[in-house]
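The structure appears below as structure tokens.
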Amino acid sequence: MPTSPVQKLVIVGGGSAGWMTAAAIINATQGNCQVELVESEAIGVVGVGEATIPPIKLFNQSLGIDENHFVRETSGSFKLGIEFVDWSRKGHSYFHPFGTHGADFDRVSLHHWWLKARADGDETPFDEYSMAWQIARAGGFSPPSPDKRLVQSTFDYAYHFDTIAYGQFLRRYAEARGVKRTEGKVVEVEQDAESGDVQAIKLEDGRRVDGEFFIDCTGFFGLLIEQALNTGYEDWTHWLPCDRAVAVPCGSAGDFTPYTRSTAREAGWQWRIPLQHRMGNGYVYSSQFTDPDTATQTLLDNLDGEALAEPRHLRFVTGRRRKFWNRNVVAIGLSAGFMEPLESTSLHLIQSGITRFLALFPTSGDTTLAAREFNRLTVEEYERIRDFIILHYTATTRDDAELWRYVSAMEIPDTLAYKIEHFRQSGRIISEGPELFLNPNWLAVMLGQDIVPEGWDPLLDFRSSVEAKRHLSGLLRVMKDALGPVPTHQAYIDRFCKAEA
């Protein structure tokens, strides 16, 4: 017998996760589903996930949000990728670009031709073949060309922005379309005695909010998914030992870069995220290898400008819930799990969770099968992102500090070891199926972390008619010529999306 979709959804928790979820659901249901978001102003939000990856553009576009308006409202800037400093070895840096390296001129991929040229004595760094890096290094920005015949079409971009401002921006969007916001602190979760489903939440002032389905956006605490439903958590600290962070904004100084910078430190790594009105900074570190006071001082000693606030300290455990959809509750955001922000995946995991939820939208009937598929897909996504982040740590030759000695010697997941083995032997990038980070991403990080293949695609040795040297040098020349019309990052923002002072 056909069943109808649930008619009332309750989102517990605000911030980026809550308001992204509310905005997406009210938009997808065209305002015909009753959506109530409960949050307390007395409970702060994490609010440090200021860097994103390209799929965020699709999320905003699906809501009909104008890019320039969004960047202006969130004091945002543009991001062409991430520069990694001192990760493979001290004194070395590389760039993980959004987009591809160069443009293939043969059926054998570009990086294999680069490997062959390298073996023949060509010392051109692989980064040089990235249009994103060419523009980023020059401090420029403009959107990629829609003409796929041009090298200016080979890069992509995302944003840096103030996540608290983004949450407020989406709150205005959602409330204007019918989402009801309820202010209050949750003190009790009511569950059905037989099924264990959540029936309602009770607020501190005695009010009761009931619903058919609940979305947990309460952050690390996991008020519904963990505190009420005891779902369980899979801890990945043995692979990703960083479990603390200290964050502080500083005044804008230095280059207004169109990219994020991640600098490896003794016990972790430091982020640098340029916004229009300030610089976002943080030090993600392992409490096994340093203490909060030392970490704070390390961060303060490495700011571009004067600190604008007191440092904020965060604790976390990298890993995931054993289930993301349990009974009539779905966890979105930090309540679902935590992946350290090395590759700016925090907001993306919110976005992808919302996308899966909408694709498997619950009905008034049995949702067991939908929950099973939601959990299967989400586990796969988390584990593949986990492996990509572990790669940055395990592929290091640093031995100057305990953290780096630990991660370079630790056992890694078989799925990652298998992928590295393939690449090291032949330059091939293999995958078990769809994943967030695609071949160009793995390629950038593997080569950047000094995993250089022992060989290359054997088909290359049959292709003596391909003038690879001419193509490679021509590609560099075309890229450098393409930089001419590109405005500076600051000039682009000043023209199209400058925030009000």
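The values are calculated or read from the model by the stated rules, or taken from the named source; none is laboratory data. Since the model is a prediction, treat every value here as computed from it, not as a measurement. Using ideal geometry, Cβ is built from the backbone for each residue, glycine included, and neighbour counts are taken over all protein chains shown.
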**Q.** Test set (1) in a loop (DSSP other than H, G, I, E, B); (2) of a type outside the set (S, T, N, Q); (3) modelled with pLDDT of 95 or more - I354 fails condition number
**A.** (1)
Q | Residue in the range 244-266 that is surrounded by the fewest Cβ atoms within 10 Å (Cβ to Cβ), counting only those that are outside any strand (DSSP E or B) and among the charged types (D, E, K, R) | A | D255
Q) Which of the following residues is touching a helix residue (DSSP H, G or I) at 6+ places or on another chain (Cβ under 8 Å), under 30 Å from E500 (Cα atoms), of a type outside the set (D, E) and in contact (Cβ under 8 Å) with a residue 40 or more places away in the chain: Y129, Y159, Y94? A) Y159
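Kindly indicate whether I53 is assigned to a loop (DSSP other than H, G, I, E, B), crowded, with 17+ Cβ neighbours inside 10 Å and β-branched (V, I, T). Give the derivation first.
Values: assigned to a loop (DSSP other than H, G, I, E, B): yes; crowded, with 17+ Cβ neighbours inside 10 Å: yes; β-branched (V, I, T): yes.
Taking the combined requirement at face value, the residue satisfies it.
Residues to consider are V189, V179, V151; find the one that is more than 29 Å from the chain's Cα centre (by Cα) and in contact (Cβ under 8 Å) with a residue 24 or more places away in the chain.
Result: V189 is the single residue among V189, V179, V151 that is more than 29 Å from the chain's Cα centre (by Cα) and in contact (Cβ under 8 Å) with a residue 24 or more places away in the chain.
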(Q) Give all pairs with beta carbons closer than 9 Å in which a residue from the range 285-305 that is within 22 Å of I273 (Cα to Cα) and at pLDDT 95 or above meets a residue that is of a type in the set (D, E, K, R) and part of a helix (DSSP H, G or I); count only pairs at least 6 apart in sequence or on separate chains. (A) S286/E402
Q | Of all residues making up the range 416-454, the number that are in a helix (DSSP H, G or I), in contact with a Phe, Trp or Tyr (Cβ under 6 Å, 6 or more places away or on another chain) and surrounded by fewer than 20 Cβ atoms within 10 Å (Cβ to Cβ) | A | 0
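Would you confirm, using the coordinates I've provided, whether E380 is modelled with pLDDT of 95 or more, farther than 29 Å from I430 by Cβ and acidic (D, E)? Give the steps one after another, and end with the answer.
Numbers: modelled with pLDDT of 95 or more: yes; farther than 29 Å from I430 by Cβ: no; acidic (D, E): yes.
No; evaluated as a whole, the condition is false for this residue.
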Q) Scanning for something crowded, with 18+ Cβ neighbours inside 10 Å, among the β-branched types (V, I, T) and not assigned by TED's automatic domain parsing to the domain that holds M339, does the range 361-371 turn up at least one residue? A) no
**Q.** Hits in the range 332-375 - residues which are touching a helix residue (DSSP H, G or I) at 6+ places or on another chain (Cβ under 9 Å) and among the acidic types (D, E)
**A.** E340, E343, E373
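Taking the residues in the range 86-129 that are aromatic (F, W, Y) and over 11 Å from G448 (Cα atoms) as candidates, determine which candidate is modelled with the lowest pLDDT. Walk me through how you get there before you give the answer.
Taking the range 86-129 as the starting set, the residues that turn out to be aromatic (F, W, Y) are 87, 94-95, 98, 105, 113-114, 126, 129.
This time we only want the ones that are over 11 Å from G448 (Cα atoms), so: 98, 105, 113-114, 129.
Working: F98: 98, F105: 88, W113: 94, W114: 95, Y129: 97.
Looking at residues that are aromatic (F, W, Y) and over 11 Å from G448 (Cα atoms), I get F105.
Just a yes or no: is a residue in the range 458-481 in a loop (DSSP other than H, G, I, E, B), within 25 Å of S88 (Cβ to Cβ) and assigned by TED's automatic domain parsing to the domain that holds A117? Break it down into steps so the answer makes sense when it comes.
So in the range 458-481, the residues in a loop (DSSP other than H, G, I, E, B) come out as 463-467.
Adding the requirement that they be within 25 Å of S88 (Cβ to Cβ) leaves none.
Checked against the condition, which is being in a loop (DSSP other than H, G, I, E, B), within 25 Å of S88 (Cβ to Cβ) and assigned by TED's automatic domain parsing to the domain that holds A117, the range 458-481 yields no hits at all.
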**Q.** Among (1) aliphatic (A, V, I, L, M); (2) in contact (Cβ under 8 Å) with a residue 60 or more places away in the chain; (3) under 26 Å from A136 (Cβ atoms), the one test that V466 misses
**A.** (3)
Q. Name the pairs: first residue in the range 198-210 and under 12 Å from E183 (Cα atoms), second residue of a type outside the set (V, I, T) and not in a strand (DSSP E or B), Cβ to Cβ under 6 Å, at least 6 apart or on different chains?
A. L203/G184; E204/K185
Q) Among the residues of the range 124-162, which ones are assigned to a helix (DSSP H, G or I), of a type in the set (S, T, Y) and either surrounded by fewer than 19 Cβ atoms within 10 Å (Cβ to Cβ) or outside the structural domain of M446 (by TED's automatic domain parsing) (or both)? A) S153
Q.
Filter the range 74-93 down to the residues that are under 24 Å from L483 (Cα atoms) and crowded, with 22+ Cβ neighbours inside 10 Å and list them by number.
A. G76, S77, F78, K79, L80, G81, I82, E83, F84
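Can you name the residue in the range 200-230 that is assigned to a loop (DSSP other than H, G, I, E, B) and within 26 Å of the chain's Cα centre (by Cα) and, of all such residues, is nearest to G353 (Cα to Cα)?
The first filter runs over the range 200-230 and keeps only residues assigned to a loop (DSSP other than H, G, I, E, B), leaving 204-207, 211-212, 217-218, 222, 229-230.
Next, only the ones that are within 26 Å of the chain's Cα centre (by Cα) stay: 217-218, 222.
Details: C217: 11, T218: 15, G222: 15 Å.
Only one residue tops the list, namely C217.
Please go through the range 94-122 and pick out each residue that is in a loop (DSSP other than H, G, I, E, B) and either crowded, with 20+ Cβ neighbours inside 10 Å or of a type in the set (S, T, Y) (or both). Before you say what the answer is, go through the steps one by one.
Applying the first criterion (in a loop (DSSP other than H, G, I, E, B)) to the range 94-122 yields 98, 100, 102-109, 120-122.
Result: F98, T100, G102, V108, S109.
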